[in-house]
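Read the structure below first, then the notes.
The values are calculated or read from the model by the stated rules, or taken from the named source; none is laboratory data. Keep in mind that what you see is a predicted model, and the values were worked out from it rather than measured. With ideal geometry, Cβ positions are generated from the backbone for all residues, glycine too; neighbour counts draw on all protein chains shown. What goes into the accessible areas is simple: the full protein's heavy atoms, side chains included, and nothing from ligands, DNA or RNA. Shrake-Rupley method; radii C 1.70, N 1.55, O 1.52, S 1.80 Å.
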Amino acid sequence: MTALASPPPFAATDDSFTTYSTARHFIGGSWCDPTSSRTVQEVLNPRFGKVIAEVRMGGSDDVDRAVHAAAAAARAWSKWPIRDRAHVLYRLRELMVQNIDELSWLVSHENGKIFSEAKAEVEKGIECVEYGCSLPNLAAGNQLEVSRGVACEVAYESLGVVAGVTPFNFPMMVPLWMLPQALVGGNAFILKPSERVPLSSMRLAELLRHAGLPAGVFNIVQGGREVVEALCDHRGIKAVGFVGSTKVAKAVYARASAQGTRALCLGGAKNHLIVVPDADPELTAENIVASFTGCAGQRCMAASVLLAVGNVEHILDAVRARAATIKTGKDLGPVTTQAARDRIAGYIDGAQRMGATITLDGRKPDPSTAVPGGYWIGPTIIDRVTREMPVANEEIFGPVLSILRVATLEQAIEIENSSPYGNASSIYTSSGDVARRVMAGVDAGMCGVNIGVPVPREPFGFGGWNDSCFGHGNITGWDGYRFWTRQRKITSKWALQRDQNWMS
Ligand code: NAD
């Protein structure tokens, strides 16, 4: 297989339309094309709706090639002392810090999020790398003398070749939810990034190479469903991490588990924020708007439903006033595709037809800031939503807030708990008792008090409940290390106590 040139640093230093290299596989330390010729897909910059690169879609033969390269590399890599493995991540961190603007522009151009959001994503990715750097200090196993002269100990060992499948909305951060723990754990990794955003992970591969990661320890196979299914089916892959929509998370979990492959699959979300009358209006409004409009609402932690308890009219007015100041195209980026834009607009149309009130309408954004051709939808607030409306129940994944009015806190909690999802839920209040009741009562894995995006920062693990997560535990933090490693339990008896039986 001919090795192709490495992708260069991304040249853009602002929003201006800039093209990039073709997205290819990275296997065994070389850039290469699919083995058999397959489809080529366009990578679009959503701000312009124009092609910035192409991605060569792979297949099961490419997965097999990557598994062989990774298995060969994993044997030597797993023998490196954990500190030496972590030192590669120290160097990766330095390279990411040095190149943060370039990486952030690449994320911004391929995903559409504005530069400050892209930079925050890269910073969060760096934080995940830092967690990986700290693992040698955390990963010492336990040891105990369980009976006289007999010791049990636990050691965390690598699995071998593992794989990660990631979504379009965080092209740099989500791969870094998985990589640090998997690599420091001694595994070789195969990444299948979203075919809509395959470019950032190419730069990640180059930075890892410069950081001293041996060839074959990190590999990329580009593609879509065929590649994901081949990763699930391949007997050489020992664990699959997945982040994406619930439908696919469930399918990937079932398929990988059917092979006996360890799987942790994070899915979609429908996050509820509860607001009660004693909430601080300014903080609450600012926070809720940041939550539902940030990254154009394309975050699995974004606010989607606001449960307004009692008379909170003054807060709803403040939310609307704040959201109305956001300039689409300047403060708010586009959504990922034209189809996503049309789907989101369809939800708003449907709610209106069913009798909801659109108090802020993003369906026709201001052409003076939103570039023609881009996939724009501005901040939208739908009030007087009822429980049977699709906007109350389905993941919209756009900058849309649906307001349901309820009389009591108990009703709000009951609505939250009727959702099949369980990613995030927040309460806005100045009462400790109300906060405590909500935190104890909602059926969600990541909860917030006066925080609209309650992401557990490192070292705390990230992961939801119910239909937002299939498999056990969180994907980041210590759970992540446990997911990507296996525990060897060693029981030793060094003294030969001939006068006692072996159990003594
Ligand atoms: P997606 O499920 O469409 O795609 C995710 C990955 O799966 C991609 O790499 C894609 O190529 C692959 N894929 C798509 N269809 C497939 C199929 N039928 N079989 C096998 N693989 C397939 O998700 P997306 O649109 O890229 O991302 C948005 C979704 O991800 C939202 O639902 C969002 O809530 C969710 N998300 C969840 C989290 C979380 O932590 N829970 C984080 C980020 C995004």
- For Lys489, which lysines qualify as cross-link partners when the Cα separation must be under 25 Å and same-chain residues fewer than eight apart are set aside? Lys79, Lys238
- List every residue whose amide H lies under 5 Å from the amide H of Gly28, counting only residues 5 or more places away in sequence or on a different chain, with H placed 1.01 Å from N in the peptide plane. Gly216
- How high is the relative contact order of the chain, in percent, counting Cα pairs under 8 Å that sit 6 or more residues apart? 17
- Would you mind telling me the share, in percent, of accessible area of the stretch 291-370 contributed by carbon and sulfur at probe 1.4 angstrom? 52
- Query: If ligands, DNA and RNA are left out, what is the accessible area of Leu4 with a 1.4 Å probe, given in Å² to the nearest 10?
  - Reply: 60
- Task: Rounded to the nearest Å, what's the spacing between the alpha carbon centres of the stretch 421-481 and the stretch 141-216? Just the number, please.
- Result: 24
- In whole Å, how far is the Cα centre of the stretch 12-68 from that of the stretch 317-370? 31
- Item | Gain in span if fully extended, Lys327 to Gln98, counting 0.36 nm per residue against the direct Cα distance | 79.4 nm
- Task: Mind ranking 441-449, 361-369 by how tightly packed they are, going by the mean number of other C-beta atoms within 10 angstrom, highest first?
- Result: 441-449, 361-369
- For the stretch 1-159, alpha-carbon Rg relative to the globular expectation (2.2 N^0.38 Å, N residues): 1.38
- Non-local residues with an amide H under 5 Å from the amide H of Leu401, with H modelled 1.01 Å from N and Pro and chain starts lacking one, are Thr380, Ile381, Ile382
- Based only on the alpha carbon positions, what is the Kirkwood hydrodynamic radius of the stretch 316-420, in angstrom? 14.5
- Using the structure shown, select from Lys270/Lys327; Lys50/Lys327; Lys124/Lys330; Lys50/Lys330; Lys250/Lys364; Lys50/Lys270 the pairs with a Cα to Cα distance greater than 28 angstrom. Lys250/Lys364; Lys50/Lys270
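Hey, got the dipole for the chain? About the Cα centre, +1 on K and R Cβ, -1 on D and E Cβ, debye to the nearest 20?
1420
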- The ³J(HN,Hα) series, computed from each phi in the stretch 377-389 with the Karplus coefficients 6.51, -1.76 and 1.60 at θ = phi - 60°, rounded to the nearest Hz and given as x for glycine or proline, is 8, x, x, 10, 10, 10, 9, 6, 6, 10, 4, 7, 6
- A convex hull over the alpha carbons of the chain yields, per residue, a volume in Å³ of 157
- Item | Pair Lys247, Ser430: separation of 7 Å Cα→Cβ label points (nm) | 4.6
- Just reorder Arg255, Arg56 by solvent-accessible area, largest first, 1.4 Å probe, all chains present. Arg255, Arg56
- Message: So, R0 is 35 Å and r is the distance between the beta-carbons of Asp64 and Ala254; what FRET efficiency does that work out to, to 0.05?
- Response: 0.95
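By Kyte-Doolittle mean hydropathy of at least -1.0 and Cα axial length of at least 20 Å, which whole DSSP H helices of the chain are selected? Spell out each step's value before the answer.
Numbers: long enough: 60-77 (25 Å, -0.09); 82-98 (25 Å, -0.29); 115-138 (34 Å, -0.09); 338-353 (22 Å, -0.84).
Helices meeting the criterion: 60-77, 82-98, 115-138, 338-353.
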- Amide H within-cut-off set for Ala263, under 5 Å, with H built and near neighbours excluded: Val240
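R0 = 60 Å: FRET efficiency of Gln352 with Ala71, Cβ-based, nearest 0.05?
On the way: r = 55 Å, r/R0 = 0.92.
Efficiency at R0 = 60 Å is approximately 0.60.
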- Item | Reach of Lys493 by Cα under 12 Å, taken over aspartates and glutamates that are not fewer than 8 positions away in the same chain | Glu145, Glu153
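In Å², and per residue, what accessible area does the chain have when probed at 1.4 Å with the other protein chains present?
40
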- Find, among the chymotrypsin sites (Phe, Trp or Tyr not before Pro) in the stretch 427-466, those assigned to loop by DSSP (not H, G, I, E, B) with at most 16 other beta-carbon atoms within 10 angstrom. Phe460, Trp465
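What do you get when you divide the Cα radius of gyration of the stretch 375-504 by 2.2 N^0.38 Å, with N the number of residues? Can you show the working numbers first?
Numbers: Rg = 22.9 Å, N = 130, 2.2 N^0.38 = 14.0 Å.
The value comes to 1.64.
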- Under 15 Å from Lys119, Cα to Cα: aspartates and glutamates that are on another chain or at least 8 residues apart: Asp14, Asp15, Asp101, Glu102, Glu110, Glu127, Asp331
- With label points built 7 Å along Cα→Cβ from the Cα atoms of Thr369 and Trp494, find their separation and express it in nm. 6.8
- Note on the structure: Going residue by residue through the stretch 161-166, the Karplus relation 6.51 cos²θ - 1.76 cosθ + 1.60 with θ = phi - 60° gives ³J(HN,Hα) values, rounded to whole Hz and with x marking Gly or Pro, of 9, 10, 9, x, 10, 10
- Between Arg457 and Thr408, what is the spin-label point distance in nm, taking each point 7 Å from the Cα along the Cα→C-beta axis? 3.8
- Item | Listed residues Gly149, Thr2, Phe17: farthest to the positive end of the dipole of the chain (Cβ charges) | Gly149
- Query: Rounded to the nearest 0.05, what FRET efficiency is calculated for Val40 and Asn142 with R0 set to 56 Å and r the Cβ-Cβ distance?
  - Reply: 0.65
- Task: Return the whole-Å distance between the Cα centroid of the stretch 222-244 and the Cα centroid of the stretch 87-108.
- Result: 26
- Item | Calculated on alpha-carbon atoms, Rg and Dmax of the stretch 235-348 in Å | 18.7, 59
- Message: Just to check I understand the Karplus step: with θ = phi - 60° and J = 6.51 cos²θ - 1.76 cosθ + 1.60, what whole-Hz values come out for the stretch 477-488, glycine and proline as x?
- Response: x, 5, 4, x, 5, 5, 5, 8, 10, 10, 9, 8
- Query: Quick one: if you take sqrt(5λ) for each eigenvalue of the C-alpha gyration tensor of the stretch 1-91, what semi-axes come out, biggest first, whole angstrom?
  - Reply: 30, 21, 10
